[in-house]
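Notes follow the structure.
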Amino acid sequence: MKTVLITGSSGLIGSEVASYFHGRGFAIHGIDNNQRAVFFGAQGDTRWSQQRLEKTLKNFQHHELDIRDRKKVLDLVKELRPSGIIHTAAQPSHDRAADIPFDDFDTNAVGTLNLIEAARQGCPEAPFIHMSTNKVYGDRPNTILLKELESRWDYADPAYANGIPETFSIDQSKHSLFGASKVASDIMVQEYGRYFNMPTCCLRGGCLTGPNHTGVELHGFLSYLVKCNLEGREYRIFGYKGKQVRDNIHSEDVARFIHAFFLNPRSGEVYNLGGGKQNSCSILEAFALVKEFSGRDQVYTYVDENRIGDHICYYSDLSKMKGHYPGWDITKSLKQTIEEIVLSWRNRIRN
Ligand SMILES: NC(=O)c1ccc[n+]([C@@H]2O[C@H](COP(=O)([O-])OP(=O)(O)OC[C@H]3O[C@@H](n4cnc5c(N)ncnc54)[C@H](O)[C@@H]3O)[C@@H](O)[C@H]2O)c1
């Protein structure tokens, strides 16, 4: 039986990918130490997700391991020699990083180096898929000429009509410490692809979301917004009139792309992985969409100051992904995704 190693296996993307590959006959080894609860407190606890995987996936084995522990990571990869590594463990929050710079960099940059070097030593032919982020572009997307529409910002420059391409500069802009630690890991994973000719890719995510997200105020905007809506809790909008635009992709569509790359890998690739323009929405638009399924108005306050370095408008240009993997496309609309998130939070809140 072929084996894949997934880091961050209790998280949104890790757990989705675990189920997806398991369903295709793979034995899954998951690494997670519930660090999300350390980063975000009890609200970020992902043990429920770990237990769900242990209950539902026959060939799933959990490893309670910190990816910062270099020796244990090197030993585990050598022992397993998996046929693929999918690296989703991270400190994922833009804003949280400023309070915990060492934990952020040690997890995102050094943890990634531990894993990719372990892959080089133990299984250099195995595709290594790294979850990067659109924050590697820093706040440079905010320099694109914008137009203000009734409920959202949009690009006024026709060069970006399809969104932000992978050729966009990652240099000389404000990234947040999180963006900087992710740039370090993104470049390192590319380098192992180019320098050692290993099959690697970096997926620069927009807003990755889905029913299994444990959204908190500092990370997982749609999941957190739905939770606030259902609990009648106040959601805080930070600046940009609530018209800031995000492109949202369901975690299952992320897993489908990862599988496509795994089957047909390339070296040192980079893809902007988001929902694209068709699955984009502003915060104000998200309030209205969630109401369609919950029947509730969103309680919110407006904070005049935007989050440092936050994108005003961002959606991914998906042409490169579709060009390299023509069998892949978005299958879950934004509405479907929101409906699933509403159902999932209803169940979790009840239990
Ligand atoms: N969700 C998004 O909107 C989004 C957007 C862009 C990029 N990404 C990237 O995608 C990846 C996955 O994101 P997600 O939303 O699934 O995050 P998540 O927080 O839901 O999952 C990450 C998991 O990694 C685990 N983890 C963290 N540090 C660890 C460590 N040191 N050792 C072992 N396990 C550790 C956490 O406990 C958590 O379960 C991350 O690299 C993130 O930066 C996410």
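The values are calculated or read from the model by the stated rules, or taken from the named source; none is laboratory data. A quick note: this is a predicted structure, and the numbers were derived from the prediction, not measured. In this analysis, Cβ positions are derived from the backbone assuming ideal geometry, glycine residues included, and neighbour counts consider all displayed protein chains. Remember, those area values only see protein heavy atoms, side chains included, never the ligands or the DNA or RNA. Shrake-Rupley method; radii C 1.70, N 1.55, O 1.52, S 1.80 Å.
In percent, how large is the relative contact order of region 60-207, given Cα pairs closer than 8 Å and 6 or more residues apart?
On the way: 217 pairs, mean separation 46.3, N = 148.
Over region 60-207, the number comes to 31 percent.
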Length-normalised contact order of region 1-105 in % [C-alpha pairs under 8 Å, at least 6 apart]: 35
Between region 57-89 and region 173-212, how many Å separate their Cα centres? 19
Got a number for carbon plus sulfur as a percent of the chain's accessible area, 1.4 Å probe? 50
In sequence order, what are the phi-derived ³J(HN,Hα) couplings for region 71-88 according to the Karplus relation 6.51 cos²θ - 1.76 cosθ + 1.60 with θ = phi - 60°, rounded to whole Hz, with x for glycine and proline? 4, 5, 5, 4, 5, 5, 5, 5, 5, 7, 6, x, 8, x, 10, 10, 9, 10
Grab every C-alpha pair in the chain, bin the distances at 20 angstrom width from 0 up to the longest one, and report whole percents. 32, 61, 7
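For the pairs LYS78/LYS182; LYS227/LYS335; LYS182/LYS335, note any where the Cα-Cα span goes beyond 18 Å.
Beyond 18 Å: LYS78/LYS182; LYS182/LYS335.
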In Hz, Karplus ³J(HN,Hα) per residue of region 312-319 (6.51, -1.76, 1.60; θ = phi - 60°; x = Gly, Pro): 7, 9, 9, 9, 7, 7, 8, 4
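In region 90-173, what is the volume of the convex hull around the alpha carbon atoms, normalised per residue and reported in Å³? Could you put the intermediate results ahead of the total?
On the way: hull volume 12.2 nm³, N = 84.
Normalising the Cα hull of region 90-173 by residue number yields 145 Å³.
Tell me the Kirkwood radius of region 102-236: reciprocal of the mean inverse pair distance over distinct alpha-carbon atoms, in Å. Present the calculation step by step, with values, prior to reporting the outcome.
Working: mean 1/r = 0.0582 Å⁻¹.
One decimal place: 17.2 Å for the Kirkwood radius.
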Karplus-derived 3J(HN,Hα) from phi for region 181-193 (6.51 cos²θ - 1.76 cosθ + 1.60, θ = phi - 60°), whole Hz, x at Gly and Pro, runs 5, 6, 4, 4, 6, 4, 5, 5, 5, 4, 5, 5, x
Which values of log₁₀ I(q)/I(0), to two decimal places, follow from the Debye formula for region 223-351 at q = 0.09, 0.10 Å⁻¹ with a uniform point scatterer at every Cα? -0.32, -0.39
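Would you work out the relative contact order for region 67-128, in percent, from Cα pairs under 8 angstrom that are 6 or more residues apart? Can you show the working numbers first?
On the way: 63 pairs, mean separation 35.3, N = 62.
That works out to 57 percent.
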Given a cut-off of 21 Å, what percent of all Cα-Cα pairs of region 14-142 lie beyond it? 44
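By how many nm would the segment from LYS291 to SER151 lengthen if fully extended, with 0.36 nm per residue of separation less the alpha-carbon distance? Working shown, then result.
Details: separation 140, 0.36 × 140 = 50.40 nm, distance 1.57 nm.
Extra length from LYS291 to SER151 when fully extended: 48.8 nm.
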Top of VAL189, VAL245, VAL299 by mean-square fluctuation, Gaussian network on the chain, Cα under 10 Å: VAL299
Per DSSP, loop GluC sites (Glu not before Pro) in region 1-99 with at most 13 further Cβ within 10 Å: GLU64
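Kindly report the accessible area of the chain per residue (heavy atoms of protein chains, probe 1.4 Å, no ligands, DNA or RNA), in Å². Spell out each step's value before the answer.
On the way: 14210 Å² over 351 residues.
Result: 40 Å² per residue.
Using only C-alpha positions, report the orientation-averaged shadow area of the convex hull of region 5-86, nm², one decimal.
Details: hull surface 20.4 nm².
Averaging across all directions leaves 5.1 nm² for the Cα convex hull.
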Helix-derived mean residue ellipticity, 222 nm - over the chain, DSSP H n ≥ 4, -39500 (n - 2.57), to 500: -11500 deg cm²/dmol
